[in-house]
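What follows is calculated from the coordinates using simple rules that are stated; it is not laboratory data. Just so we're clear, the structure is a prediction, and the values are computed from it rather than from any experiment. Cβ coordinates were reconstructed from backbone atoms using ideal geometry, including for glycine residues, and neighbour counts include every protein chain displayed.
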Amino acid sequence: MSSASSTPTEGTGPTEGTAPTEGTGPAGTPVPVVDDVPLADTAPLDRAAGGTRRRRRGPRIWLAALPLIAFTGLCFGLPLGALLYGAVTRTDPDTGATALTGEHLSRSLQGPYLGSLVGSVQLSAVTALIASVLGVLIAQAVVTSRSQALRNAVLTASGVLANFGGVPLAFAFIATLGISGVVTRLGDLTSLGWNLYSFTGLAVVYLYFLVPLMVLVILPALDGLRPQWREAAQNAGAGSLRYWRHVALPVLAPSLLGGFVLLFGSAFAAHATAAALVGGSVPLVTLKIADALSGNVLVGQENVALALGLDMILIAGLVMAVYLPLQRRSARWLR
Amino acid sequence: MAAMTPSAREAAPKPDPDAAPAARPVGPRRRPRLWRGAVLGLGGAYFLVPLVASFVFTVHTPGQGVSFEAYTALLSADGFAESLALSLGLAAATIALALLLAVPALVAVRLGAPRLRPVVEVMCMLPLVVPPIALVTGISTVLRWGPEHLSRTPLYQTFLAVQNESFPVVLVLAYTVMALPFVYRSLDAGLRAVDVPTLVEAARSCGASRSYVMFRVVLPNLRSSLAGAAFLTLALVLGEFTIASLLGFRPFAVWIVSISGAHARMSVAVSLLSLIITWLLLLALSRAGTAPTSTPGGARAPRTSRTSPKES
């Protein structure tokens, strides 16, 4: 309550001109609340002493956020603008004139480029789904075990492994399950048809950083499931299955979906692992962009790379548009 | 039926009551123990096998026995020291820049400009929507403008300086953009845990100067989230491959890939080492982040609570 009552005074403080009258208003009215009794007699004093200072502090404090806004505007907005501009315009090499065109975008949605987009979406969806299930199982095992040591170990390991994407991960798997990998030789996996440099192989590698990520995301949510809910369900005669179906899963649903979407996003954006692992044998949009950018395909493909980048941003943006409201909703439930 | 099963299950294993904590019935706990063991065992195996196998791969050559050459040859390997130094330098610069930008902005938003909060939040979270590979296409487009359009202007020098081979500032800028969401989340969580306006008002009314408030009151309270933000940024920069390789620079991750053709064993050894280094850094930072705040925090907490009653 005290924080709730201090926020309005903070909020109205820096508003221009009317600060003194506005400030005493909200601070004076909620006096009946117990918490505010000490505040109520300090508030006028504070205002009298620091009213003018505070009004002056308003704009100056606003300035502290300016470098960040300017920086993102320049270092993020500029490349993004260039990407957008390049994706929808075409420059005539002879005349130098630029014209608006949908050609690059439509080319990025055809043939091999469309195949790579679909491949990326498929791989991300499959790995995110499997990783969500496995992550929930592991997190639930940790939560129900109540061993603090196990919990700390799993959380630390997840924190490290979730960041263990990229190049080192690819090499660890090449050494393990690659053609001359240790496990491949021990288990003679090649004769069983195992190939690390394929869709399945890539999925197995992706799970290595997606599962820990899911554990990190879902563990707080599972902690938020109160034992009282389970007891209440049991008292009402529900079995374990019913409890999960009607109580736990509905409460967890936003977190689960949010986690899935987050995993999808990070699998979708992953490039380094795939680049170091499969080169070009699995069609992925990130690899196609890298190829087009470094001129490996054809000269003049840069604009298609930009258009593909735009496609990726649109898909990732869609994913985030689902994720953020879900996260807010689950945060409301699992306090 | 559904009402019968749990009660029957509950009744059966009651003889061993000390296995069950007070809140939980015994029956449903016994089966979970089985699947819990299976899940944790399988999960542990999946996560441990690649690490162990990588280690075996680096030290054991079939037919030749065990040798640690991959590790001993590392230090003298061509480009190892330079690329690692470059990556660490980039990481330090990125951490400094990201924190310098984000901390004042977030504290300001807490203190006096709540209307800016959505703007700052969107600014910090937007880079999440743009995958690094898309960001680098944009960056390389912008960098190409330099020679194409600006070669006669003084701005061109800036373009060249930013792409300096020995310390590519453009990478610092790009990494800072990529790190902002993580830094924002970490700092926001930290700021949420302390009542910054009250702390600042208390310190100010005791006569503390503005910089004193920032460095001795606000920042120490944020120590663990600052450490978390720094760690995430460090891990991000050390492992970053996409942007650096496509812009043609050669920090650590790019170097690992470039030697993998000729020295497969060494590249795996370096990968393992980088994981271990990350792990150690995480442990060190989490200790540095939590331990000092918990010990002097005990001393600091009474101090702040002493100042706030004085104010009232």
* Roughly what % of Cα-Cα distances in the stretch A:218-288 sit above 21 Å, to the whole percent? -> 50
* Asked: Using modelled amide H (1.01 Å from N, peptide plane; none on Pro or chain starts), what sits under 5 Å from the amide H of A:T89, excluding residues fewer than 5 places away?
  -> A:T101
* Could you give the nm distance between label points at B:S209 and B:A38, where each point is 7 Å from its Cα heading toward the beta carbon? -> 6.7
* With each label point set 7 Å from Cα along the Cα-Cβ vector, what nm distance links A:Q122 and A:A149? -> 4.6
* Going by a ≥ b ≥ c, the root eigenvalues of the Cα gyration tensor, does the stretch B:73-169 fall in the rounded group (a/c under 1.5), the prolate group (a/b larger than b/c) or the oblate group? -> oblate
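For a quick check: sort B:T158, B:T233 by the number of other beta carbons within 10 angstrom, fewest at the front.
B:T158, B:T233
What number do you get for the stretch B:188-240 when its Cα radius of gyration is normalised by 2.2 N^0.38 Å, N = residues?
For the stretch B:188-240, the normalised Cα radius of gyration comes out at 1.41.
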* To do: Just need the relative contact order of the stretch B:88-189 here, percent rounded to a whole number, with Cα pairs under 8 Å and 6+ apart.
  => 49
* Asked: If we count other beta carbons within 10 Å of each Cβ, what is the order of A:V143, A:V205, fewest first?
  -> A:V143, A:V205
* Between the stretch A:242-271 and the stretch B:242-258, the Cα center-to-center distance that results, in Å -> 34
* Subtract the Cα-Cα distance of B:Y46 and B:Y156 from 0.36 nm times their separation in residues, and report this length gain in nm to one decimal. => 34.5 nm
* If one computes P(r) from the Cα atoms of the stretch A:98-237, what percent of pairs lie at distances over 18 Å? -> 69
* Once amide H atoms are placed 1.01 Å from N in the peptide plane, what residues at a sequence separation of 5 or more from B:T61, or on another chain, have their amide H within under 5 Å of its amide H? -> B:S67
* **Estimated distance in nm for a label pair at B:S258 and A:R107, the labels positioned 7 Å out from Cα along Cα-to-Cβ** => 3.1
* Enumerate the whole-percent occupancy of each 5 Å bin, from 0 to the last occupied one, for all C-alpha pair distances of the stretch B:151-212. => 4, 14, 12, 11, 11, 10, 10, 11, 10, 6, 2, 0
* Structure fact -> In order over the stretch B:156-165: 3J(HN,Hα) from phi, Karplus 6.51/-1.76/1.60, θ = phi - 60°, whole Hz, x for each Gly or Pro, gives 4, 4, 4, 4, 5, 4, 5, 9, 3, 4
* Phi-based couplings in Hz for the stretch B:111-119 (Karplus 6.51, -1.76, 1.60; Gly and Pro marked x) -> 7, x, 10, x, 6, 7, 3, x, 4
* Asked: With Rg and the Kirkwood Rh both taken from Cα atoms, where does Rg over Rh land for the stretch A:184-260?
  -> 1.23
* Asked: Taking other Cβ within 10 Å of each residue's Cβ, how do A:I138, B:I259 sort, fewest first?
  -> B:I259, A:I138
* Structure fact -> Honestly the stretch B:33-85 on the Cα gyration tensor test (a ≥ b ≥ c root eigenvalues; a/c under 1.5 rounded, otherwise a/b vs b/c for prolate or oblate) is just oblate
